[in-house]
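What follows is a set of notes on a single structure, which appears directly below.
The values are calculated or read from the model by the stated rules, or taken from the named source; none is laboratory data. Predicted model, so just to flag it, every value in this text is computed and none were measured. So basically every Cβ, Gly included, is an ideal-geometry build from the backbone, and we count neighbours across all protein chains shown.
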Amino acid sequence: MVSNTPIVQASKVSIHQGNMLVLRDVSFSILPAEFVYIIGKTGSGKSSLLKMLYGDVAIADGQASVVGFHLHNLKSKELPLLRRKIGIVFQDFQLLSDRSIDENLRFVLQATGWKGKSKMDYRIAEVLDWVGLKTKGFKFPWELSGGEQQRVVIARALLNEPALILADEPTGNLDPETSIEILKLLRSISEAGTSILMATHELNFLSSFPARTLSVKDGYVTEE
């Protein structure tokens, strides 16, 4: 049974980038296993909001909690613990080009405290199977298509069984057909129990694959 306790809760949050106020009076929540879009023009503050949720941008005013951590008074030593409970999917992949897919994923597991080769190998095989790349672990990023690389990024985000995945324009560099495949994969992950907040500019997704939608405009976040 899915809990009704929000995995994300923001109340009257303001966010600055340098000396500039980017977002103000932001209030919203996301429930466990919920899929939510966030839309807005380039530069509207979508990425700043996502960065706030994984502790990369500080809260100027208000309060927010994510996966049980209070961001408004988060201690620096808590930041790695927060990020282990959050998966992040970037538009530009950020894979290590000099390592195989298996080695890319093993690097993340080692960096987040995993021990034991057999345990890590099992988890790597598990997440690659989930994203449809079971036989591709030996390949290097440059040997894969853009869609396959984004599947690796999603596999990487799943490694530590996160309660929340933040996807920042995950289909921005992909063709329309591949974009739909990636969206369907993210939706299936949400249905399996992981909350997903996905920033996108592809408004056709909203009609083809409807879900709750937050809109960022003129420094405010509103629900569509």
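I'm trying to understand the selection: among the residues of segment 41-64, which are buried (at least 19 other Cβ atoms within 10 Å of the Cβ) and in a strand (DSSP E or B)? Result: Ile59, Ala64.
Residues in segment 65-74 that are at pLDDT below 90, surrounded by 14 or more Cβ atoms within 10 Å (Cβ to Cβ) and farther than 18 Å from Asp25 by Cβ: Leu74 alone.
Looking at this structure, is Gly137 at pLDDT 95 or above, surrounded by 14 or more Cβ atoms within 10 Å (Cβ to Cβ) and either touching a helix residue (DSSP H, G or I) at 6+ places or on another chain (Cβ under 8 Å) or assigned to a loop (DSSP other than H, G, I, E, B) (or both)? Yes; evaluated as a whole, the condition is true for this residue. If the condition is being closer than 24 Å to Leu186 by Cβ and surrounded by 14 or more Cβ atoms within 10 Å (Cβ to Cβ), then segment 75-95 contributes Leu82, Arg83, Arg84, Lys85, Ile86, Gly87, Ile88, Val89, Phe90, Gln91, Phe93, Leu95. Is it the case that Ser208 is farther than 23 Å from Tyr54 by Cα, within 19 Å of the chain's Cα centre (by Cα) and either modelled with pLDDT of 95 or more or not acidic (Asp, Glu) (or both)? No.
Is it the case that Leu197 is farther than 20 Å from Ser47 by Cβ, within 13 Å of the chain's Cα centre (by Cα), surrounded by 19 or more Cβ atoms within 10 Å (Cβ to Cβ) and touching a residue at least 12 places away in the same chain (Cβ under 8 Å)? No, not satisfied. For Ala167, state whether it is part of a helix (DSSP H, G or I), touching a residue at least 24 places away in the same chain (Cβ under 8 Å), within 13 Å of the chain's Cα centre (by Cα) and crowded, with 19+ Cβ neighbours inside 10 Å. So Ala167 does not fit the description; no. Residue pairs whose Cβ atoms lie under 8 Å apart, separated by 6 or more positions or on different chains, with the first residue in segment 67-89 and touching a residue at least 60 places away in the same chain (Cβ under 8 Å) and in a helix (DSSP H, G or I) and the second buried (at least 16 other Cβ atoms within 10 Å of the Cβ) and of a type outside the set (S, T, N, Q), are Arg84/Pro162. Being in contact (Cβ under 8 Å) with a residue 12 or more places away in the chain and under 19 Å from Lys85 (Cα atoms) is a condition met by no residue of segment 211-224. Evaluated against (1) over 18 Å from Leu197 (Cα atoms); (2) modelled with pLDDT under 95; (3) touching a Leu at 6+ places or on another chain (Cβ under 7 Å), Leu105 falls short on exactly one condition, (2). Exactly one residue out of Ala125, Ala155 is surrounded by fewer than 19 Cβ atoms within 10 Å (Cβ to Cβ), outside any loop (DSSP other than H, G, I, E, B) and among the aliphatic types (A, V, I, L, M): that is Ala125.
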